[in-house]
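Written below as structure tokens is the structure these notes are about.
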Amino acid sequence: MTRTAYLIQRLLKDELTPEESRELEAWRLADPANQEFLERFESPLVDQNLARMNSIDWHTGYDKFVQKHPEYRTPLPTNINRSFHWFRWAAAAAILLSLSLLTWLTLQRRSDQPVAVQGSQQQRYAQDVQPGGNKAILTIGNNQPILLDTLQSALRSGSTLLSNQDGLLQYQSNHSDKDISINTVTTPNGGTYRVILPDGTRVWLNAASSISFPSAFNGKERLVTTEGELYFEVAKDPARPFIVQSKHTRTEVLGTDLNVSDYDNDPQTRTTLLAGSVAVNNAGNRVLLQPGTEAIISRSGKIDTKPADIESTIAWKNGYFIFNGVPLQMIMRQLERWYDVKVIQEAAIPENFVAAINRDEPLSKVLKLLELTGEVKFSIDKKTIRVFK
């Protein structure tokens, strides 16, 4: 995010310090275009409209936006939190986008030299990449892996019945200890899947993720082992806690909704709690989470807690990317997993980005949306994204 965009956000929230007010005033006086741009946000109508936003149908406003920008027509999630916070977030996104475009146009107007662009946008996106989908592999014990996206019927393993349809694998078991086998569901890059475990717990797997579990939970605890990112709606069973063991954390659950993200190429592990209560453990450290908070575990084992951005955290589960002030490097890691591509960054991009888009869109559409900020450009070549200024 540019410094000026940050100051305008502070202006809208009435949070400018005297020093920041002077800084924004200097920017305003530097160019008549800046003056005209800022007046749009200082009008009394802006405050009136923002105050009424909580009662406005977001989908209606979205329809008006895509009338002007039809290339970004895509369904919005039906469960968007209709709170003032969400509309402030949307307003901030619009401000950032508008300001970035204005800055880009101003720089173009003032520059004596043409900006070096590595080919037209059409050329840079000629080799587009389609989004991921329902793809996963099931391994039962030591048996051969089964491609779930090609399995269209029910499957029986011992006395366990598995049904598989439309990206959902469901377990039904009723057997003794001797029949138990360890099952592993793995999604590749570009894959996602849902699983209903033998106890009724619902699990969503993001791309490049896995979960291992017994075909029946007969012990004093329900232990699953995970890699990558998964969302859980845990079936309640006070007598048998649900344990999520990832590479870097152990999370004890009594019955709740939570998201666990533990990828090897991420700098930290995140456990986000939506409802219920959990205890997060790592290297002898233990914290209890309240709904709406998350634990961030560094690779050194330190655990920090903070309020969670729930909408962006579980956007993947609802079929969306939501980036709320996110560094480009973090965005690129998500795109690598979902589109099964490689990223080569040829320039340092220090800015954070604000964007929201359907995960069912081709890769080029996501990248073009980020390009609208004027801060970065991309090209796609043989499933490789190149990032440059």
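Restricting attention to segment 277-310, which residues are at pLDDT below 90 and either among the aliphatic types (A, V, I, L, M) or not assigned by TED's automatic domain parsing to the domain that holds residue 201 (or both)? Across segment 277-310, the qualifying residue is only 283. Residues that are charged (D, E, K, R) number at least 2 in the following strands (runs of 3 or more DSSP E) confined to segment 214-286: 222-233, 250-253, 257-262. Restricting attention to segment 258-276, the residues that are touching a Leu at 6+ places or on another chain (Cβ under 6 Å) and either closer than 12 Å to residue 228 by Cα or at pLDDT below 95 (or both) add up to 1. For segment 322-343, a residue qualifies if it is modelled with pLDDT of 95 or more and part of a strand (DSSP E or B), and the qualifying residues are 342, 343.
Could you go through segment 338-346 and let me know if any residue there is closer than 13 Å to residue 387 by Cβ, in contact (Cβ under 8 Å) with a residue 60 or more places away in the chain, touching a Ser or Thr at 6+ places or on another chain (Cβ under 8 Å) and buried (at least 17 other Cβ atoms within 10 Å of the Cβ).
Yes, segment 338-346 contains a residue that is closer than 13 Å to residue 387 by Cβ, in contact (Cβ under 8 Å) with a residue 60 or more places away in the chain, touching a Ser or Thr at 6+ places or on another chain (Cβ under 8 Å) and buried (at least 17 other Cβ atoms within 10 Å of the Cβ).
For segment 258-274, the set of residues classified as of a type in the set (A, V, I, L, M, F, W, C) and closer than 17 Å to residue 327 by Cα is empty. Please go through segment 115-163 and give me each residue that is part of a strand (DSSP E or B), polar (S, T, N, Q) and at pLDDT below 85, ordered by number. Hits for segment 115-163 are 157, 160, 163.
Kindly check whether there is at least one residue in segment 243-260 that is over 23 Å from residue 198 (Cα atoms), surrounded by 21 or more Cβ atoms within 10 Å (Cβ to Cβ) and without any contact (Cβ under 8 Å) to a residue 40 or more places away in the chain. No, that holds for no residue. Of 267, 327, all but one fail to be in the same structural domain as residue 369 (by TED's automatic domain parsing), in contact with a strand residue (DSSP E or B) (Cβ under 9 Å, 6 or more places away or on another chain), surrounded by fewer than 19 Cβ atoms within 10 Å (Cβ to Cβ) and free of Cβ contacts under 8 Å to residues at least 40 places away in the same chain; the exception is 327.
The values are calculated or read from the model by the stated rules, or taken from the named source; none is laboratory data. Note that the structure is a prediction, hence the values are computed from the model and not measured. Because the Cβ atoms are built from the backbone with ideal geometry, glycine has one as well, and the counts that use them run over all protein chains shown.
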